[in-house]
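S.K.: Encoded as C-alpha cells, here's the structure I'll be asking about.
All of the numbers you see were taken from the coordinates with simple rules; none came from a lab. Quantities reported herein were computed from a predicted structural model and do not represent experimental measurements. Neighbour counts are summed over all protein chains in view; Cβ atoms, including those assigned to glycine, are modelled from backbone coordinates with ideal geometry.
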Amino acid sequence: MSVINPRNKLVNFRLSESEFDRLRSACLRQGARSVSEYARASVLRGLEEPASAVPAAYGRLSMLDQKVAELEIRMEQLLRLIGAAGRTLMTQVVALPLAGDAADLASRFGKEQQASR
C-alpha cells in the first residue's frame with residue numbers, strides 16, 4: 001500500500017535537557033505515540049492557530065499551573081490538620097478514665113463525639 005502523502009522532509013532543532021524533559025512529559029500526558037508525533041502535531045497546530053492565541057494560551061496555562069500549585073499546598077495543609085486532629089482525638093481516648101465498664105466508656109466517648117460535631 002503506497003502512502004498518499006509521504007513524509008520525506010526533515011526538520012531538526014536542538015533542545016536543552018530541561019526542554020526535552022518538558023517535551024517528553026507533554027508527550028506522555030497527551031498520549032502521543034512518540035516525541036516526533038507530538039512535536040509534528042504541535043508545530044502543525046501552531047500553524048493553524050492565530051499567533052495571538054498562543055501567548056493567551058500560555059497565560060491561561062500559567063495561571064492554571066499556579067492555581068493547581070496553590071491547591072496542592074492547601075491540600076497538604078488540610079492533611080496535616082486532619083492528622084493533628086486525629087492525634088488529638090486519640091490522646092483524648094487514651095486519657096479517658098479506666099474506671100467503670102467498657103459500655104460506660106464507649107457511651108461517654110460517643111456523647112463527646114456528638115457534642116463536638
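S.K.: Based on the alpha-carbon set only, what is the convex hull volume of the stretch 15-76 divided per residue, in Å³?
M.R.: Numbers: hull volume 6.8 nm³, N = 62.
Value for the stretch 15-76: 110 Å³ per residue.
S.K.: With θ set to phi - 60° and the Karplus curve 6.51 cos²θ - 1.76 cosθ + 1.60, what are the ³J(HN,Hα) couplings of the stretch 14-29 in order, to the nearest whole Hz, using x for Gly and Pro?
M.R.: These are the phi-based 3J(HN,Hα) values: 9, 10, 6, 4, 5, 5, 5, 4, 5, 4, 5, 4, 4, 4, 5, 4 Hz.
S.K.: What nm value, rounded to one decimal, do you get for the distance between VAL11 and ARG40 when each label is placed 7 Å out toward the C-beta?
M.R.: It is 1.1 nm.
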